[in-house]
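A quick write-up on the structure given underneath.
The values are calculated or read from the model by the stated rules, or taken from the named source; none is laboratory data. From a predicted model like this one, the values you see are computed outputs, not experimental measurements. Note: ideal-geometry Cβ built from the backbone for every residue, glycine included; neighbour counts use all protein chains shown. These accessible areas exclude ligands, DNA and RNA; they are computed on the full protein's heavy atoms, side chains included. Shrake-Rupley method; radii C 1.70, N 1.55, O 1.52, S 1.80 Å.
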Amino acid sequence: MARRKKIYEGKAKILYEGPEPGTIVQYFKDDATAFNAQKKDVIEGKGVLNNRLSEFFMTGLANIGVPTHFIRRLNMREQLVRSCEIIPLEIIVRNTAAGSMSKRLGIEEGTQLPRPIVEYCLKNDELGDPLVSEEHIAAFGWASQQDMDDIVHLALRVNDFLSGVMLAVGIKLVDFKIEVGRVYEGDFQRLIVADEISPDSCRLWDIETGKHLDKDVFRRDLGSLTDAYTEVAQRLGVMPRSNGATKPTLIN
Ligand code: TMP
Ligand code: ASP
């Protein structure tokens with residue numbers, strides 16, 4: 001097979017040129033990083049789980065009319081996505097205080113927020129993805145006012161959808177991060193949900209026990225990350241439940 005052209009390699013994914021113009025192949029690696037890659041490991045099977053989970057969430061969003069970059073899954077580790085211009089922001093939605101918000105504002109982790117709060121971080125690894133305000137975004141031209149209105153609308157729709165899907169399987173959606181991209185259609189442009197939605201980019205707590213089922217398991221050394229992600233995938237019906245004898249095959 002001819003070698004594909006690599007477009008970009010990030011911490012958890014590689015992007016290759018797709019088979020048709022305007023498409024990209026998104027490959028999910030097993031690499032896990034935290035704290036701007038100061039902590040690193042290879043977690044066997046993580047890429048396979050995140051490929052399947054992102055497919056599940058993106059397909060569900062498309063079904064309720066939220067546009068995403070997802071076209072189809074190609075194999076265990078790859079999906080075909082629509083090429084787009086990524087807005088250089090990480091868009092975070094929080095329902096419950098945790099992580100950097102708890103640290104920054106001194107709010108105990110687990111405190112229910114009065115309403116969902118949307119935050120923005122500038123995508124810049126050298127600076128450690130700093131928190132920025134809408135004023136910074138407008139003044140430096142990272143996104144227009146119309147973009148920001150669309151971004152908040154998309155982010156809150158993703159929050160409603162993901163919260164409901166998780167609640168149905170006994171999981172609380174504490175917070176999550178999305179990225180948004182711009183696509184051009186004739187004279188029009190619009191924003192779509194891009195990158196990935198997976199337990200790497202969400203905080204997910206078991207409603208009964210409070211057990212962490214997301215990347216905090218890795219960040220905070222709380223146990224097996226693969227077991228946590230497999231639990232999410234099994235509850236959502238994305239991976240079959242094993243009969244106890246064997247674990248689902250995650251390698252390849
Ligand atoms: P934070 O509390 O560390 O700011 O994280 C908020 C949410 O964003 C959490 O669900 C994890 C996710 N996140 C990413 O997806 N990528 C990142 O680089 C960081 C720092 C957080
Ligand atoms: N993804 C970021 C990193 O690799 C941070 C994180 O998710 O905690 O450093």
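Structural remarks
Per-residue answers, yes or no, for (1) under 23 Å from Asp214 (Cβ atoms); (2) away from ligand 1 (no atom under 16 Å from the Cβ); (3) touching an Asp or Glu at 6+ places or on another chain (Cβ under 9 Å):
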site: Leu15; (1), (2), (3): no, yes, yes
site: Ala37; (1), (2), (3): yes, no, yes
site: Lys46; (1), (2), (3): yes, no, yes
site: Glu55; (1), (2), (3): yes, yes, no
site: Arg73; (1), (2), (3): yes, yes, yes
site: Val93; (1), (2), (3): yes, no, yes
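- Checked against (1) open to solvent by 50 Å² or more (accessible area, probe 1.4 Å); (2) farther than 30 Å from Lys5 by Cα; (3) within 11 Å of ligand 1 (Cβ to nearest atom), Met101 passes all but a single condition, namely (1).
- Here is the figure for segment 24-66: residues that are surrounded by 15 or more Cβ atoms within 10 Å (Cβ to Cβ), in contact (Cβ under 8 Å) with a residue 60 or more places away in the chain and not charged (D, E, K, R) total 17.
- Check on Val165, in contact with a helix residue (DSSP H, G or I) (Cβ under 8 Å, 6 or more places away or on another chain) and without any contact (Cβ under 8 Å) to a residue 40 or more places away in the chain: no
- Restricting segment 157-188 to residues that are of a type outside the set (A, V, I, L, M) and within 16 Å of ligand 2 (Cβ to nearest atom), the residue that is most open to solvent (accessible area, probe 1.4 Å): Lys177
- When Ile86 is tested against (1) more than 11 Å from ligand 1 (Cβ to nearest atom); (2) open to solvent by 20 Å² or more (accessible area, probe 1.4 Å); (3) within 15 Å of Asn159 (Cβ to Cβ), just one condition goes unmet, and that condition is (3).
- Segment 181-213, subset closer than 22 Å to Lys29 by Cβ and β-branched (Val, Ile, Thr), residue farthest from the chain's Cα centre (by Cα): Val193
- Filtering segment 115-142 to residues that are surrounded by fewer than 11 Cβ atoms within 10 Å (Cβ to Cβ) and of a type in the set (S, T, N, Q) leaves only Ser133.
- Strands (runs of 3 or more DSSP E) enclosed by segment 76-155 - at least 1 residues per element that are of a type in the set (Ser, Thr, Tyr): 89-96, 112-122
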